[in-house]
Structures are given as structure tokens and as C-alpha cells.
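These notes are about the structure you will find just below.
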Amino acid sequence: NMHNHSTHSDGKYTPTQLAQHIAEEGYRAGALTDHDTATGFAEFKAECDRLGIACIFGVEFTAPCPELKRPDGREEKFHLTSYHFDPEYPEMKEYLYQMGLREKEQTRVIFEDAVRDGLLSGITWQEVLDYNQDIAWLCNEHVFRAMKHKGLVTDLDYYDFYTRIYRDRWGT
């Protein structure tokens, strides 16, 4: 599978766990293509190397498309998966950094609106940040994981959480 996400974007597994699952499934190679970030790749590569499987670097970029509008008037976006480029190239490094800031800010705004509207309680934005310390690209998954860690929700609550706070209110 050439399109896998880790906990560094909206995936379920850490980069280490993802590499382990790839190996357990019998694959001899795997790719990590998190959304708009390369922060999990070093961990993924180290575990792939330890397991003796090849790894491929990639990122799934969110690309705006101002020419296309959604029914609600917002700009349409699409995803572009790219492989084997240098994430340390200064312009690319800055772009990825800015994409992380954009996603984190969008998530913070949604979080604070949900708290204000009584849809979220028992957790603060700082607690979300503290729980996800090494994550540059924060989304709804990271909020949910922090809530789960605090015992506020279980996996069975995810659909309701996502629908109430993200899909129905923001159309994401």
C-alpha cells in the first residue's frame, strides 16, 4: 500500500506501529504519506530498517483549487500524493511547516467553537496540545485521542463526535 497515514496526521497507528503492521501483513516495502507533514518519516524509516523492509517517503498534500467552489461557497480542495522529494529543501520545509500551522489553527477554531456551543467539555485546547506534543499537524483525530486519553470518550463515540463537531458544522 503506497498510501498510509500515521498518528502524525489522521492515521490510527504511530509510524512504528504502521511499519510493524506492514511487515506483519507480509509486505516487503511500505510508504508513509501523512497529510501535509513529514514529521513521522524518521520514526517510520527507523522501524522499517529494523524490520528489514524497504520504505518509501511521501506526503499527501492538500491542494486548494480556487476555481472550484463547494455548494456552500467554500473553495474546493483536492489531495495530491507525492513521493521521494527532499522535505528538508528550505522552501519545502517552510511549506510543510505552514501547512501544519494552518491545520492546527483550523482545528483550534473548530475546537473552541464546539466548547463555546456546549458540544465539547471536560478538556482544554492546552490539554489537546499537551497530549499531542510531537504532532505538527493537528486535526479532529488528535482532539478525539486526547479526549479518549482523559476517559471522556471511547472508540464507540467517534462517529457521533465527528458528525456533531466536524461534518455537520464545518462540512469537512
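Some points to look at:
- Here residue 7 qualifies as within 14 Å of the chain's Cα centre (by Cα) and either of a type in the set (Asp, Glu) or farther than 18 Å from residue 85 by Cα (or both).
- Residue list for region 138-165, filter: surrounded by 15 or more Cβ atoms within 10 Å (Cβ to Cβ), assigned to a loop (DSSP other than H, G, I, E, B) and either in contact with a Lys or Arg (Cβ under 7 Å, 6 or more places away or on another chain) or modelled with pLDDT of 95 or more (or both): 138, 152, 153
- Taken over region 106-137, the criterion of being under 25 Å from residue 38 (Cβ atoms), not in a helix (DSSP H, G or I) and not acidic (Asp, Glu) is satisfied by 132, 133, 135, 136, 137.
- Tally of residues being open to solvent by less than 50 Å² (accessible area, probe 1.4 Å), in a strand (DSSP E or B) and closer than 20 Å to residue 11 by Cα across region 48-103: 11
- Comparison of 120, 129, 101 shows that the only residue that is in contact with a Phe, Trp or Tyr (Cβ under 8 Å, 6 or more places away or on another chain), free of Cβ contacts under 8 Å to residues at least 60 places away in the same chain and within 22 Å of residue 165 (Cα to Cα) is 120.
- Of the candidates 11, 58, the single residue that is touching a His at 6+ places or on another chain (Cβ under 7 Å) and within 22 Å of residue 142 (Cβ to Cβ) is 11.
- Residue check for residue 21: at pLDDT 95 or above, surrounded by 11 or more Cβ atoms within 10 Å (Cβ to Cβ) and touching a Phe, Trp or Tyr at 6+ places or on another chain (Cβ under 8 Å): yes
The values are calculated or read from the model by the stated rules, or taken from the named source; none is laboratory data. Worth saying up front: this structure is predicted, and the values here are computed from it rather than measured. Every residue, glycine among them, receives a Cβ derived from its backbone with ideal geometry; neighbour counts consider all protein chains shown. When the accessible area is computed, the model is the full protein with side chains, heavy atoms only, and any ligands, DNA or RNA have been set aside. Shrake-Rupley method; radii C 1.70, N 1.55, O 1.52, S 1.80 Å.
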